[in-house]
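Working notes, beginning with the structure itself.
The values are calculated or read from the model by the stated rules, or taken from the named source; none is laboratory data. Here the structure is a predicted model, which means the values were calculated and not measured. Because the Cβ atoms are built from the backbone with ideal geometry, glycine has one as well, and the counts that use them run over all protein chains shown. Areas reflect the complete protein model, heavy atoms only, side chains present, ligands, DNA and RNA absent. Shrake-Rupley method; radii C 1.70, N 1.55, O 1.52, S 1.80 Å.
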Amino acid sequence: MSAKEIVQRARTAFLKGTTKSLDFRQKQLEALLRFYKENTSKMLTVLDKDLRKSKQESYLTEINYLINDLEGVIAEYRDWAKPSKPEKPLVNAMDDVQIISEPYGVALIIGAWNYPLQLSLLPLAGAIAAGNCAIVKPSEVSPETANFIKENLPKYLDNECYHVYLGGVAETTELLKERFDYIFYTGSTNVGRIVHAAANKYLTPVTLELGGKSPVFLDDDVDMTIATKRILWGKCVNAGQTCIAPDYLLCSKQASDRFVAEGKKILAEWYGNSIKDSPDLCRIVNENHFKRVTKLLKNANIAIGGEFDSNEKFISPTVVVDVKPDDALMQEEIFGPILPIITVSDVSEAIAFINKGEKPLALYVFSNDNKKVKSILSQVSAGGVCVNDTIMHLTVESLPFGGVGSSGMGAYHGKSTFDTFSHKKSTMIRSLNKFGEMLMTSRYPPYTEKKMKF
Ligand code: NAD
């Protein structure tokens, strides 16, 4: 089916009103849950083929993450869907004032390759719960997972309301010519601009989940073993191919030396002496990305790691020291297991450094000093912040997840996903009774001084 036909089919289904029914949504959400639970081993296989994701990471960051989210959605969406009753002024005492969550219509969900299940399917659950029809476009860069979704998801969901569309740039460009009622995009900031421009044609609302360089400020006063573990884990999970991976470290020279010493020990503990043989480190997704990431290491002062093997698209966790702001490593989001360290003299210099760049998707602060933490929180804008850990703020469902500025717009996770896919229709219901009308007569002409007093 062409892009046009798919969108038309979804629109026809939406206009029939099928997805407005909460019972229909329930059936679809339960079917989606069955899809996850009955296909776990296939999911492990495709994630292994695309990214050599270990079983544990696949469960933690994809399969269980999806299941937990969806179970939460199923338990709560009927409550979320109820009209809310905001406070109202005295003059509206006799009116019924409500905010009604209504589905936008046909939603397009474009996923990225780094968490190829989660980034396409978690928004889908929210779109279904909110009563939309949806078209999911997984990333072609993780082809095994994209094909798995295309082949298996339609066996579970209603085939008129929900569709999977595969393709790369050319196909997505075609798809974006169509009119959607909502577009939810995850991927790079540059493509985010293209999606935003396409949405603009029909003034389609968008959520853009983008990327950027997420900084870590590391204070001298921390327990360096714990801090190093948490930072390196954030960098090594999915081999650094995580939108909120710590991108670079800002700290004193002394903290940098201690971080490197701890880092060597910790990486040996985690991956053994021959890191390439460890089953626990993902590979870089494809040759282009492998070349892009390894190129960043040219002329770098490598304190840990630095090994790579193009046959396997393997890059060892690498820490680079003495990095300067105009080095290649600092010009783009790294999206690989490389951590540059820039030395700063104090927290103010770190804040000034971060604020010279674009607003990050995530900001990490490791410190025991509340004053420093507060000063960073109050002076740096970021999509989200995690103090004394990395990545883990994403697991708190009640925290909306999203970027700001060039790291994105809009947010999701938990109830926020439902809200993202719902238009909040402000509604006032008034009666036509004569008493109410009498109270309102001062608004009608002819206008007089006396009427103005009301
Ligand atoms: P990608 O190459 O998979 O692209 C993302 C999607 O955009 C894909 O579905 C792709 O087909 C489509 N696309 C690519 N080029 C296009 C074009 N010219 N026109 C229309 N569609 C196009 O992924 P990527 O962009 O390499 O993803 C990595 C980036 O995504 C990183 O910057 C990362 O930080 C960001 N990211 C953000 C989040 C988040 O939640 N904020 C999550 C994951 C990744």
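Of note:
- Probe 1.4 Å, accessible area per residue of the chain, Å²: 46
- The peptide list 387-399, 118-130, put in order of mean Cβ contacts within 10 Å with the highest first, becomes 118-130, 387-399.
- Cα gyration tensor, the range 222-282 - rounded (a/c under 1.5), prolate or oblate: oblate
- For K451, the lysines whose Cα comes closer than 24 Å to its Cα, not counting residues fewer than 8 places off in the same chain, are K88, K434.
- Per residue Cα convex hull volume in Å³ - calculated over the range 69-225: 220
- Sequence ranges 440-450, 316-326, ranked by mean other-Cβ count within 10 angstrom, highest first: 316-326, 440-450
- Pairs from the list K49/K155; K137/K424; K55/K359 with a Cα-Cα gap above 30 Å: K55/K359.
- Entry note, the chain: relative contact order of 18 percent, from Cα contacts under 8 Å with a spacing of 6+ residues.
- When the helices of the chain are scored as -39500 (n - 2.57) per DSSP H run of n ≥ 4 and the total is divided over every residue, the value at 222 nm lands at -12000 deg cm²/dmol.
- Span from the the range 148-205 Cα centroid across to the the range 411-454 one, whole angstrom: 36
- Net charge of Cβ neighbours under 12 Å - reference T189; Lys, Arg +1; Asp, Glu -1: -1
- Taking a Cβ cut-off of under 15 Å around K235, the surrounding Lys, Arg, Asp and Glu residues balance to a net charge of -2, with basic ones at +1 and acidic ones at -1.
- A simple count of charges around D419, restricted to other residues whose Cβ falls under 14 Å of its Cβ and scoring Lys, Arg +1 and Asp, Glu -1, yields 0.
- Antiparallel DSSP beta bridges within the chain, percent to nearest 5: 35
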